[in-house]
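Inspection log for the structure reproduced underneath, given as structure tokens.
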Amino acid sequence: MKRLLLTVALTAATFCPAAAAQTDSYLYKAMFVRAAPGKLLDLIALYKERMPVYDAAGDVRPFWMRHSQGDQWDIMFLFPLGSWSEYFSKERIAKRDDAGNKAKVPQSEFARRFYNAVSWHEDLFVEGPPLEAVRKSWESAGFFHVEIFISLAGKQADLRKEREMENAYLVGIGRKPNLIFTHDQGAAWDLFTIGFYRDIKHYAESADVPEAKRESAAKAAGFDNADAIGPYLRSLIASHHDTLAVAVK
């Protein structure tokens, strides 16, 4: 069965148009999870206890954040995979199975506890920046802004370009650019971005940027003006969810 799933995954990745169009080539799995009522702390404890198993398997520990305001999910995980062929190689699968079976909480019990603690979850495989860029951004942040999009038909490339333009605008006003993750397989979302901040005060500092600086940065990034950024984005998307989140301690 594992061999069949690997074949299907590799075939899908080979022929996926979105994957072929991307410049970022590091593969991640994003998982959005809503805890069952009263089970959020159990879910967090389950994954904190699980972290050494990723080490034993030779996998990178997932990055994660906890919802504060916005979308329906409670926890977002970002699992670094590297590539389809690397992550699903026979050697990696065998090592992962061995680590899971030898864990204090074996894989079957971990899965049971996960499903007992979760009322909804959604998986999305994405291509994104190199692992070290993500790690560096995550380790220095305590607060996050996640924007996740479904584009209008045929507008996926335009949406990606708009996100890059908005990053240029952020740099122009003295802010750190967002990291961009683009759909490869899984849920319907075409793209999501993550903004990294020290705390909510740091996130809100953009409100203090002088208007002249905002206008200059917007035009340099390719927008008509600063007020046109939002309307242009909305001309490209069918759906858009925003979430503010905090680091899991």
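Remark: the range 203-217, residue by residue, has Karplus-estimated 3J(HN,Hα) of 4, 7, 5, 4, 5, 8, 5, x, 4, 4, 5, 5, 5, 4, 5 Hz, where x stands for each Gly or Pro and the curve is 6.51 cos²θ - 1.76 cosθ + 1.60 at θ = phi - 60°.
With a cut-off of 13 Å between beta carbons, the residues surrounding L159 carry a summed charge of -1, where Lys and Arg count +1 and Asp and Glu -1. Modelled this way, with points 7 Å down the Cα-to-C-beta line, the labels at F114 and H202 are 3.0 nm from one another. The P(r) of the range 145-247 has a tail past 21 Å containing 35 percent of all C-alpha pairs.
Applying 1/(1 + (r/R0)^6) with r as the Cβ-Cβ distance of D227 and A187 and R0 = 30 angstrom yields a FRET efficiency of 0.40. In this label model, V248 and A56 are separated by 1.9 nm, measuring between points 7 Å along each Cα→Cβ vector. Across the range 89-218, the convex hull enclosing all Cα atoms gives 169 Å³ per residue.
Label separation (K95 vs H240): 4.2 nm, computed from points 7 Å beyond Cα along the C-beta direction.
Other residues lying with their Cβ under 13 Å from the Cβ of E215 contribute a combined charge of 0, Lys and Arg counting +1, Asp and Glu -1.
Remark: the range 148-228 carries a charge dipole of roughly 200 debye about the Cα centre, counting +1 on each Lys and Arg Cβ and -1 on each Asp and Glu Cβ.
As a proxy for reagent exposure, ranking D242, D158 by other Cβ atoms within 10 Å from fewest up yields D242, D158.
Straight-line reach from K29: taking Cα to Cα under 25 Å and skipping same-chain neighbours fewer than 8 places apart, the lysines in range are K2, K39, K48, K90, K95, K102, K104, K136, K155, K161, K176, K249.
In a DSSP loop and with at most 12 other Cβ atoms within 10 Å, the trypsin sites (Lys or Arg not before Pro) in the range 102-196 are K104.
Here the translational diffusion coefficient of the chain follows from Stokes-Einstein with Rh set to the Kirkwood radius across Cα pairs; for 4 °C and 1.567 mPa s it amounts to 67 µm²/s.
Largest mean-square fluctuation among P62, P177, P37, in a Gaussian network model of the chain whose springs join Cα atoms under 10 Å apart, belongs to P37.
Just so you know, all these numbers are worked out from the coordinates, no wet-lab data involved. Predicted model, so just to flag it, every value in this text is computed and none were measured. Counting neighbours? That spans all protein chains shown, and the Cβs are built from the backbone with ideal geometry, glycine included.
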